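*Asks:* Quick one: the structure is below, questions incoming.
The values are calculated or read from the model by the stated rules, or taken from the named source; none is laboratory data. Computed from a prediction, not measured in an experiment: that's the story for all the values here. All Cβ positions, even for glycine, are placed from backbone atoms using ideal geometry, and neighbour counts span all protein chains on display. Surface areas here come from the heavy atoms of the whole protein model, side chains and all, with no ligands, DNA or RNA. Shrake-Rupley method; radii C 1.70, N 1.55, O 1.52, S 1.80 Å.
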Amino acid sequence: MPALTRFRHFVIRGGPTRAALLPALVAGFACQLGAQYGPTPDIACPAYPAAMRHQDELARAREQRVKNNVRRGPLDYNGSQDVNFIDTQLFSRMYRDGVTPAGPASDAEFLRRVTLDLTGHIPTAQQVLDYTASTDPNKSNALIESLLGSSQFVDYWTLWFGNTFQVTSQYYDFIGIPGRTLFYNFVRNFVASSGSYQDFVTALITGSGDTYQNGAPNYLMRGLQYSQPVQDSFDEITNRVTTHFLGVQTTCISCHDGRGHLESINLFLAGKKRVDFWQQSAFFARMNILREAVDPAGAERKGIITDAAAGGYNSVLADPNNPGPRPARTGGPYSAAYLFGGQTPQAGNWRQELARLVVNDRQFARAFVNYLWAQLYRIGIVDPPSGFDLARLDPANPPPNVPPFNGQIQPSNPALLEQLTDAFIASGYQLRPMIRLMVQARAYHLSSVYSGSQVQAEQYYAKALPRRLSAEEIYDAVTTATNTPTAMTVEGIPGTLYYAGQLPDPSEPRSSSAVLDTNNYIRDFLGGFGRGDWNLIARDNTSNPVLPLTYMNSNTVTPRTFGNTLFFGDSLVGRLAASTAGDQDAVTQIALATVGRPPTAAEMATALAYPVPAYSREQWLSDILWVYLNETEFFFSH
Amino acid sequence: MRPNSFSVIKRPGRIRISRRDLLRGFGALGVLGRLPAEVLRPAVWTPAPGTRATAQTCIFINLLGAPSHVDTFDYKAGNAPANHKIVTSNGITINSTIFPNLSAITGDLCVIRSMQSVEEAHPRGQWAVHTAHSSNPAVDAETPHIGAVVASELPAGKFPAFLALNGNPGQGSAFLSGAYGPTTTQTSCGFPYFQHDFYGAASQQRFDQKYALLKALDPSRASAPDPAYANFDAFYETARGMMYDPAIGNVFSCADADVARYGNTEIGKALLVARQAVQARNGARFIHVLHQNWDTHAQMYTRGYRLAGTLANLWDLAVELDRGLGALVADLKASGDLARTLIVVMGEFGRTPGPLNGQGGRDHLKTAMCGVLIGGGVAGGRIIGSTDAIGRVTANPGWSQNRGIYIQDITATIYSALGIDWTKTLPTPSGGTFQYCPIISNGANSVPTPVNEVFA
């Protein structure tokens, strides 16, 4: 009896550790193990009552988690307005929790938003008129299809990938213009051809050969480290791969074990060791990058990428006097093992093996749809999208109920995330079907005006969240609205480009030797609005006082509001001044061209009352246009 | 800024704050995770206790690429071409052929020869120059430029507190308010991409009318439908305050005679604008001036040698720096502003000593480097520390801490000169701690300390 009493003490505490069970085991009550951990406790076991209580607790907890996270909504949710499963997941949850979504966006709002979000361009005034006047009940789907099939779509999403991979000609002398242009075209071809994202990423991970002849291997060149041991290049490339393609930034464990550092940040990585990272990095350890001069002086070099047939990840440095930025490595040589499942290579070409493991990992699909969601819905279902904690993904398997996670899983809507993942896989890992799903959903058509709290808006996606336009989008919106696109030529890209959204890297458009030429102005404008350089300066889409200072005074903007000038020719103001359009018409045209909607009554009244009789008509038009170009909503996709 | 690793963490606003935290209202930090200006500013500014508080502005001349110390301010015999004239005055030996003006004002220079770096790679080295921190992907996005720190600490005027001339300063205000980020120009005189005189004499009136119409007409200014819109008007108001204000505009207009005197080069113009910003006494606190390309791996003494159009030989670079800096020091002295303006001249590390390499240049070296301080309470004609005979390692540290002097110590010196507590820390949006001057990763975990030996 004393032994039983001792045991019951441990059991009643609930969830005994194995150490706590040891005395009981020693005491010979082997049935406790089955009672605690088996599916059906043995009724004859003295631990049975406590075990059943424990089982009940587990079951109730599971049910509660399911309720919290995987709900499909109460039975009386009316899903008749749902366009697809995105709507079902989002609106049923709002219904369940008593959250009222925003009303629908107007036609004009939707047109401008989806045109920007899919192509990086604003609609023209005529497009606004046509779309708002159309009585076609299917017009929004027709609009979406037309955008998905446009060349501007290809421009925009090529740049979207470009911002992630950052393969710039100005990354030391590792890439150069030939490498940059080949890579740009490689990405562009993928986007244009509706290829499989699995094939695309496989090509990036396994890129080989001459980087001045092939685009894909320039992805790896961008991960090379300058003047550091080769292991640091392998490590950086590994981090890029896990971040870009699996949504897990692993750079922390490239320097130290997760334990003692990441318990409050990422439980999955907290359980990983630096050795685990080295084994992941080992997939690149057989790669050899030869830097070969392309000019006699050796100022420009290209890469020749090959793979050795043998070898592993070494701790020993090639140059002991150059230890690199990471703490010293020990042990090894390490053979490759996949950090996210332990798989080892089944064949000698380890990069091909890594590509196979990555692109077939469900997390590959999951990470991608989440990045896409974060772009179109502004906040990832897992946020930030590069910070997936794989130990906190599954509602059926939540983390322990202790701080800081308190049993909470990471995705704000795991069922939605998994359904999006399934859809992506079912589509053959294609980009357009996922974008179509996301923008066809009624949830994407909500207004950005909302009477509820901002907290609700973000947590439930209860309204459209405005997104400040990127530098390229703003520049292109200005030139489109004022009808003053400026020709740019870019080395390696045939023909003439007119839009910043078409530039293959932030070094463009390059200047001639004159300091104040047009290209310098464009680059300065784009830099001021946070384009960054894909290397030392991160893209920054936030705003600060220097932005309006630049914008209000920029030679890139104000002259575009003038009538016909030597520089900008057939500008909007020039056309309006030369036309017979009356004042109201003119203000309407200006509003349509800039903010994509007709003027409000208040705007019209204010505009018509402006200002000074001494102005010429052209001056009056130019001021009105300037004002609309400076309206807050001009700078946002809303 | 390990520029080579993709880091979403660099996108502001989502830096490891869980959405839960955001939703709980990380109130003071706002949606974008930035500390609002008001939180950081005391009502009345006084220098922090224990600081020297001798300067009101710092002009930081960043010799990008890492200048050769043994050819510039830690000159070693035999390094210059035979026909160069080496002079010694006030104890400072210097090549007067490449530094004709600076060699004549050694009485104003404080040369620090016992500096070292922990880095030998440009991006990491420059990151340390910009932020006084070692690049670490986990925290880089939450590490502001030292100029932003200075701007956040010192009393504001109408003029941008943090000015970056001749190029991007490589980091912004991070989690500090955007108001403390750099106002950057690629080239200095005239803010050439800006123009407010589109309408001739009527320009200001015209602008005022347009601006008033904007305020009246824009529906989002009447009521912001989303917090994202909320700050926009505030930014516009700040920007408008800067325009048409001669206090701002005059700083960027350069008289031809002055441009000529400063050498009619980009560095000369930048130093002229820096001088005008200081003399305006209107809130300019940290002026970062970029001068490149000091990464002289080849042809150091070949006049005219360029890479991608930029001067890349030490001789020409030294001459143009010397001209502008000499004029700057003379002008600030004449206007009585030198004593309250700390000028710092340095790069990110040193270069290999002894004979030149096979291309007639020198390569990277972290065991020895040098820096020069002028004005702002610093004593001239002074040398801190020394290196061995050829300039490979520190021989005599020459200061209280008896170890090599690192960028963190120089930063502490700058902060002390400006009256800023260099030991201060701030919480970051992700829950970490930002130290103004962090422990130095030199193996000994040294504590950053102002080099008080430089002060008069």
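*Asks:* Which of the three applies to chain A, rounded, prolate or oblate, going by the alpha-carbon gyration tensor with a ≥ b ≥ c and a/c under 1.5 meaning rounded?
*Replies:* Oblate shape, in that a/c is at least 1.5 and b/c is the bigger or equal ratio.
*Asks:* Further question: Could you tell me, in Å, what Rg and Dmax come out for the Cα atoms of the stretch A:107-224?
*Replies:* 17.9, 56
*Asks:* Considering only protein heavy atoms and a probe of 1.4 Å, how much of the accessible area of chain B is carbon and sulfur, as a whole percent?
*Replies:* 53 percent
*Asks:* Relative contact order (percent) for chain A, with alpha-carbon contacts under 8 angstrom and 6 or more residues of separation?
*Replies:* 15 percent
*Asks:* At a probe radius of 1.4 Å, figure out the A/B buried accessible area, summed over both chains, and give it in Å² to the nearest 100.
*Replies:* What A and B bury together is about 6900 Å².
*Asks:* A further question follows. Pairs to check: A:K273/A:K302; B:K269/B:K366; B:K76/B:K366; B:K76/B:K269; A:K463/B:K215; B:K76/B:K424. Give those whose C-alpha atoms are more than 29 Å from each other in this structure.
*Replies:* Over 29 Å Cα-Cα: A:K273/A:K302; B:K269/B:K366; B:K76/B:K269; B:K76/B:K424.
*Asks:* Relative contact order (percent) for the stretch B:37-111, with alpha-carbon contacts under 8 angstrom and 6 or more residues of separation?
*Replies:* Relative contact order for the stretch B:37-111 comes out at 18 percent.
*Asks:* Between the stretch B:377-419 and the stretch A:74-112, how far is it from one alpha carbon centroid to the other, in angstrom?
*Replies:* 65 Å
*Asks:* Let me ask something additional. Test of the criteria: in the stretch A:551-618, which chymotrypsin sites (Phe, Trp or Tyr not before Pro) are in a DSSP loop and have at most 16 other Cβ atoms within 10 angstrom of their Cβ?
*Replies:* Within the stretch A:551-618, the qualifying chymotrypsin sites (Phe, Trp or Tyr not before Pro) (loop, at most 16 other Cβ atoms within 10 Å) are A:F567, A:Y615.
*Asks:* Do you know which residues of the stretch A:233-259 lose at least 40 square angstrom of accessible area in the protein assembly compared with their chain on its own, with a 1.4 angstrom probe?
*Replies:* Buried on complex formation: A:E236, A:Q249.
*Asks:* What is the dipole size for chain B, taken about its Cα centre, with +1 at each Lys and Arg Cβ and -1 at each Asp and Glu Cβ, in debye to the nearest 20?
*Replies:* It comes to approximately 560 debye.
*Asks:* While we're here: So with the 1.4 Å probe, I'd like the accessible area per residue for chain A, rounded to whole Å².
*Replies:* 39 Å²
*Asks:* What number comes out for accessible area per residue over the stretch B:308-368 if the probe is 1.4 Å? Units Å², please.
*Replies:* Per-residue accessible area for the stretch B:308-368 comes out at 29 Å².
*Asks:* Going by alpha carbons, how many degrees (0 to 90, nearest 10) lie between the helix axis of A:139-148 and the longest principal axis of chain A?
*Replies:* 80 degrees
*Asks:* Looking at the stretch B:64-143, which trypsin sites (Lys or Arg not before Pro) are DSSP coil and have at most 15 other C-beta atoms within 10 Å of their C-beta?
*Replies:* Of the trypsin sites (Lys or Arg not before Pro), the ones in loops of the stretch B:64-143 whose Cβ has at most 15 other Cβ atoms within 10 Å are B:K85.
*Asks:* Work out the FRET efficiency for A:T600 and B:N396 from their Cβ-Cβ distance, taking R0 = 56 Å, and round it to the nearest 0.05.
*Replies:* E(calc), rounded to 0.05, equals 0.15.
*Asks:* OK, next. Quick one: check the C-alpha center-to-center distance for the stretch A:256-321 versus the stretch A:439-459, whole angstrom.
*Replies:* 43 Å
*Asks:* Then there is this: Would you mind calculating the gained length between A:D97 and A:E618 on full extension (0.36 nm times residue separation, minus the Cα-Cα distance), in nm to one decimal?
*Replies:* Once the chain is fully extended between A:D97 and A:E618, it gains 182.1 nm.
*Asks:* Could you please state how large a percent of the accessible area of the stretch A:239-370 is carbon and sulfur, counting protein chains only and using a 1.4 Å probe?
*Replies:* 51 percent
*Asks:* By the 4.7 Å beta carbon criterion, which cysteine residues of chain B come out unpaired?
*Replies:* For chain B, the answer is B:C58, B:C110, B:C370, B:C437, because their Cβ atoms have no other cysteine Cβ under 4.7 Å.
*Asks:* Residues of the stretch A:443-459 that become at least 10 Å² less accessible with every protein chain present than in their own chain isolated, using 1.4 Å: which are they?
*Replies:* Those residues are A:S448, A:V449, A:Q454, A:V455, A:E458, A:Q459.
*Asks:* Further question on the same structure: Thinking of the stretch A:426-539 as a set of Cα atoms, what percent of all their pairs are more than 18 Å apart?
*Replies:* Summing the P(r) tail past 18 Å for the stretch A:426-539 gives 65 percent.
*Asks:* With contacts defined as alpha carbon pairs under 8 Å and 6 or more residues apart, what's the relative contact order of the stretch A:440-558 in percent?
*Replies:* Computed value for the stretch A:440-558: 19 percent relative contact order.
*Asks:* Related question: Which value, in Å³ per residue, describes the convex hull spanned by the Cα atoms of the stretch B:344-456?
*Replies:* 141 Å³
*Asks:* Once a ≥ b ≥ c are taken as the square roots of the eigenvalues of the Cα gyration tensor of the stretch A:301-397, is the result rounded (a/c under 1.5), prolate (a/b larger than b/c) or oblate (a/b not larger than b/c)?
*Replies:* It comes out prolate by the Cα gyration axes.
*Asks:* What's the angle, to the nearest 10 degrees (0 to 90), between helix A:350-360's Cα axis and the longest principal axis of chain A?
*Replies:* Between helix and principal axis, roughly 80 degrees.
*Asks:* Buried by at least 40 Å² relative to the chain on its own: which residues of the stretch A:163-189 qualify, computing accessible area with a 1.4 Å probe on protein heavy atoms?
*Replies:* Flagged in the stretch A:163-189: A:Y172.
*Asks:* Once the cut-off is 31 Å, how many percent of the Cα-Cα pairs in chain B end up in the long-distance tail?
*Replies:* When every Cα pair of chain B is considered, 42 percent fall beyond 31 Å.
*Asks:* So, one more: What is the stretch B:201-319 by shape, rounded, prolate or oblate, if you read a ≥ b ≥ c off the alpha carbon gyration tensor as root eigenvalues and call it rounded for a/c under 1.5, prolate for a/b larger than b/c, and oblate otherwise?
*Replies:* It is prolate, given that a/c is not under 1.5 and a/b is the larger ratio.
*Asks:* Give me the base-10 log of I(q)/I(0) for the protein assembly as shown at each q in 0.08, 0.09 Å⁻¹, Debye formula, one uniform scatterer per Cα, rounded to two decimals.
*Replies:* After summing over all Cα pairs, the log10 values are -0.91, -1.14.
*Asks:* Further, regarding this structure: At R0 = 41 Å, how high is the FRET efficiency between A:Y498 and A:R442 if r is their beta carbon distance? Nearest 0.05 is fine.
*Replies:* For A:Y498 and A:R442, the calculated efficiency is 0.70.
*Asks:* Which whole number gives the average, over all residues in B:293-305, of C-beta atoms from other chains lying within 10 Å of the residue C-beta?
*Replies:* Mean shielding by partner chains, rounded to a whole number: 0.
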